[in-house]
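A.B. asks: What follows is a structure written as structure tokens; I'll ask about it next.
The values are calculated or read from the model by the stated rules, or taken from the named source; none is laboratory data. Treat the numbers as computed from the prediction; the structure is a model and nothing was measured. Cβ placement follows ideal geometry from the backbone for every residue including glycine, while neighbour counts extend to all protein chains displayed. These area figures cover heavy atoms from the full protein model, side chains too; ligands, DNA and RNA do not enter into them. Shrake-Rupley method; radii C 1.70, N 1.55, O 1.52, S 1.80 Å.
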Amino acid sequence: MSTNPTNTAHARRVEADIGARVERQVLAEGRKLKLGSFLSSPEMRLILRLLAPRSWVIGGIVATTIVHTTIAAAVLLLAVAFINIAIAGAYKSGGSGIEVLGFGVTDWILAQLPDGESKVFVLFSLIVMLLVLSSALNVFQHYVALRLQKDMQTSIRMEVFDKFMVLDLRYFNENKLGDIAYLQNPVIGRFTNVLLFAQNLLSATLKFCAALIILTSMSLTATGLFVAAMGILYWALRGVNQKARKVTAEYLEKSRAMVSSFLEIAYGIRLIHQGGQEARARDQFLDQVTQSEQSNVTAQTYSAYARAVGEIGSVLIVLIGVLIANLLLGYDFFANIAFSIAYGLVALSAAMQAKRILDLRVSLSNTLPFIKIASDFFYATDHVAQNLETRGGHTSQVIRKSLSVRNLSFSYKGDHETIADVSLKFPLGTATAIVGLSGSGKSTLLEILANVQIPKAGQVLLDGIDIQTMDSPSYRQNIGYVTQEMIVFNDTIRKNICYFNPEASKETIRQALDIACAREFIEACEDGFDTVIGERGMLISGGQRQRLTLARALLQQAQVLLLDEATSALDLHTEAQILHSLLQAKKDKILIVAAHRLSAIRNFDNIIVMDNGRVVEQGTHDQLIIQDGIYHGLYRIQEISGPDAIASGEGA
């Protein structure tokens, strides 16, 4: 299938944007893999904070690793002695044994064993037993580390979730849903891999040091050559590691873009079908998938290349090192076959551990971008709403007088104020309507009253107490808020309407459904209250979704009811019936409605007219008609053109 040029251009723009982000993240920020900078980085502080409550488990892993390393060193020493017996024939203590750590270790080992032909068998059995024990310890270590990793995954997933619960809405407005979803799955999974990385690095480092000590005791000159060769190999892999880190970060960005693209397509599937844009959507998603997979192949290729260089280099280092040592030290390889094989065995073990360290370094390079994303999220406090509960705020009580705002101002971005110096009072037992053109600030004012947006200046007062000094959850539980966006879950009607009040009685449910005019259509459904309404409620109509969200807010039994054009999808008769029922039940409540059908709010106690974020008029319907201002003009337009003539849009 041919690619749409527009889609190709779009893909190139996305790729260029991702490339720039990767360059800024990996190169401009200078996040080179240096031990000192990493240990003092925010990423390391986050890791240590997560590990602190599990210090006793980590201590056990470290102790087990030390024991495991000791056993591995003992196996090497026994292997050295075994090689001498196997190659040189009968070996007796006090002979020409190999000196390790300043004394004849092989002599001491053999002195503990019985003489005769059984010496070789006993030595071989000891080696096998220690190898089995070493393997068992290794499995145990890995099991404990995995359990600890899963525990950390659960903890960090819940920390991410808990932080989502206190994030300002700006975070969700400015970040794609796919990026948020990507944080919960691949990012956290790779982030917690750092625990296994640390355990493997400790094990490999200790084993390498143990082998190096043995090699140094056997031949200082040969070991010096060996270490020099390892340094050359490390230098050769340095560039590969830096490139691997860059392409991994690029793959990460493109994977996030792919997930976001898929979720956006899924969200807009009706619009895509409506406009016949299936082929276009497929091309766009195919471009994202192709870019992501190509980046993945490149990242895996560099990782495989680094591993191959490490494997080949490790073997060559051992072979060339033993050969040079023999030539420089004047050893005849065949005359000193026992020493050469024993040294080669220990050197090979050291090389394997060095290769593990280099591989782990590559893994860390690939993991660092994931760690940085998680760290940036946890330490990004610009969007975090004030956690009022942690400040010792008192619990919201029963409203006795009023809800009010004083000198309220708010802006989404820049200096343009969506709400500008607004002061209002909503007494208990009253119904207030807020009207105005699209963008006048109606919805924003309701969001501030619901405490889902934090004002730039001013106060929201409940019975004279600033809600910023209250416990946020308890305040919000006393606010029934129905937004323009009809948020429902892919679940049954019963679970949707009882979301805020799962233990609601049948009578309470019946009363809420009657006010919302929802009982009739629910009873008409084949499964009644057990009817599943589909993803975002797509199996029922918009008007039915709106009535369910209203019934859910009524079942919350909150004293403050905020309705943001909550009846806009209903016919005039149903809307009038619902508002009439709400007015009858307002005695112990505060009812605030943002509306554009002015005929439905004629009987409200107070009508507030907003324009450009300011309150320009206020009073009853009759008072505002007499004033002959903005409200009167809007009312006349609706009388002539119909009640939807000035329907306000989103963001009002």
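A.B. asks: Straight distance only, please: which lysines reach the Cα of LYS207 with their own Cα at less than 21 Å, same-chain residues fewer than 8 apart left out?
C.D. replies: In chain and number order, the partners are LYS355.
A.B. asks: Could you work out what % of the accessible surface of the range 465-526 is carbon and sulfur, using a 1.4 angstrom probe and leaving DNA, RNA and ligands out of the count?
C.D. replies: Numbers: 1710 of 3390 Å².
Percent of accessible area from carbon and sulfur atoms in the range 465-526: 50.
A.B. asks: Run the simple label-point estimate for ASN138 and PHE500 please: 7 Å along Cα→C-beta, distance reported in nm.
C.D. replies: That separation, rounded to one decimal, is 5.9 nm.
A.B. asks: Leaving ligands, DNA and RNA out of it, work out the accessible area of SER438 with a 1.4 Å probe and give it in Å² to the nearest 10.
C.D. replies: Only protein atoms counted, so the area is about 70 Å².
A.B. asks: Tabulate in residue order the Karplus-calculated ³J(HN,Hα) for the range 143-158, using 6.51 cos²θ - 1.76 cosθ + 1.60 with θ = phi - 60°, rounded to whole Hz; enter x for Gly and Pro.
C.D. replies: 3J(HN,Hα) across the range 143-158, in whole Hz: 5, 5, 5, 5, 4, 5, 4, 5, 5, 5, 4, 4, 4, 6, 4, 6.
A.B. asks: Would you list ASP611, ASP588 from the most to the least accessible area, probe 1.4 Å? Don't skip to the end; give the middle numbers.
C.D. replies: On the way: ASP611 55, ASP588 95 Å².
Accessible-area ranking of ASP611, ASP588, largest first: ASP588, ASP611.
A.B. asks: Right, something else. Going by amide H atoms built from the backbone, whose H comes under 5 Å of the H on ILE465, apart from near neighbours?
C.D. replies: none
A.B. asks: If DNA, RNA and ligands are ignored and the probe is 1.4 Å, what is the ranking of LYS506, LYS587, LYS495, LYS372 by accessible area, most exposed first?
C.D. replies: Numbers: LYS506 185, LYS587 160, LYS495 130, LYS372 25 Å².
Heavy-atom accessible area, descending, gives LYS506, LYS587, LYS495, LYS372.
A.B. asks: A further question follows. At 1.4 Å probe radius, can you tell me the per residue accessible area of the range 498-652 in Å²?
C.D. replies: 48 Å²
A.B. asks: Considering only protein heavy atoms, with the full assembly of protein chains and a 1.4 angstrom probe, order TYR412, TYR635, TYR305 by accessible area, largest first. Present the calculation step by step, with values, prior to reporting the outcome.
C.D. replies: Working: TYR412 90, TYR635 30, TYR305 125 Å².
Reading off the accessible areas and sorting them downward yields TYR305, TYR412, TYR635.
A.B. asks: Nearest 0.05, what FRET efficiency do ASP530 and ARG510 give at R0 = 22 Å with Cβ-Cβ as r?
C.D. replies: On the way: r = 16 Å, r/R0 = 0.75.
Efficiency, from the Cβ-Cβ distance: 0.85.
A.B. asks: List the residues, sorted by chain then number, that are 5 or more residues from TYR481 or on another chain and whose placed amide H is less than 5 Å from its amide H.
C.D. replies: The answer is LEU562.
A.B. asks: Any chance you could run the full-extension gain for ASP622 through ASP491? It's 0.36 nm times the residue separation minus the Cα-Cα distance, nm to one decimal. Provide the component values of the computation, followed by the final result.
C.D. replies: Numbers: separation 131, 0.36 × 131 = 47.16 nm, distance 4.47 nm.
Gain in length upon complete extension: 42.7 nm.
A.B. asks: GLN141: net charge of surrounding residues, Cβ under 13 Å, Lys/Arg +1, Asp/Glu -1, itself excluded?
C.D. replies: +2
A.B. asks: What residues qualify as long-range amide H neighbours of GLU617, i.e. H under 5 Å apart, gap of 5 or more or another chain, H built at 1.01 Å from N?
C.D. replies: VAL609
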